[in-house]
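Worksheet: the structure to be examined is printed underneath.
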Amino acid sequence: MLHSWTAYFLVGLGGALGSMARFGLSLFVDGRIQSKFPWGTFLVNVVGSFVIGALAAVADQPGRFSLSPAMRQLLMVGICGGFTTFSSFSIQTLELLRGGQSLQAAANVVGSVLLCLLAVWGGHQFGQILNR
């Protein structure tokens, strides 16, 4: 893994590209599907999880394709991370499952969802207090 300014640049560049792609895809989907359900975000999370899974499989094993550490940081950490952090959550949970750590994987899923919902509620309450 790279630990230089190059790595930070690659992650930052990828993050910017991923964030713009997330924004564009969400706007595109939500503009076509008129619904209260957040289909754009839902699709971004599914697509990002698929892409990071495919990249991880390519990066983890030698084969026809391989990823250098720099490309792994650009594509997986940068672009996928900027596109959706749900993809990072998903690949880390899969790695726990593949490592035989199903209890930790379940704790990651349940804990992340519950604690993040509590955190967003708490942050919202805090923001309302500040905004009075």
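The values are calculated or read from the model by the stated rules, or taken from the named source; none is laboratory data. Computed from a predicted structure; not experimentally measured. Here the Cβ is made from the backbone with ideal geometry for all residues, glycine too, and neighbour counts use every protein chain on show.
Overview of results
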{"quantity": "Any hit, the stretch 67-74, residues being basic (Lys, Arg), touching a Gly at 6+ places or on another chain (Cβ under 9 Å) and either modelled with pLDDT of 90 or more or within 22 Å of LEU10 (Cβ to Cβ) (or both)", "calculated": "no"}
{"quantity": "Residues located in the stretch 38-78, provided they are touching a helix residue (DSSP H, G or I) at 6+ places or on another chain (Cβ under 6 Å), over 26 Å from TRP5 (Cβ atoms) and not in a helix (DSSP H, G or I)", "calculated": "PHE65"}
{"quantity": "One residue from GLY81, GLY12 being among the small types (Gly, Ala, Ser), part of a helix (DSSP H, G or I) and under 20 Å from ALA105 (Cα atoms)", "calculated": "GLY81"}
{"quantity": "Matching residues in the stretch 42-81 - criterion: being charged (D, E, K, R) and under 19 Å from LEU17 (Cα atoms)", "calculated": "ARG72"}
{"quantity": "Only one of VAL47, VAL110, VAL58 that is at negative phi and within 12 Å of the chain's Cα centre (by Cα)", "calculated": "VAL47"}
{"quantity": "Residue match in the stretch 22-43 (condition: closer than 20 Å to LEU94 by Cβ, surrounded by 12 or more Cβ atoms within 10 Å (Cβ to Cβ) and free of Cβ contacts under 8 Å to residues at least 40 places away in the same chain)", "calculated": "yes"}
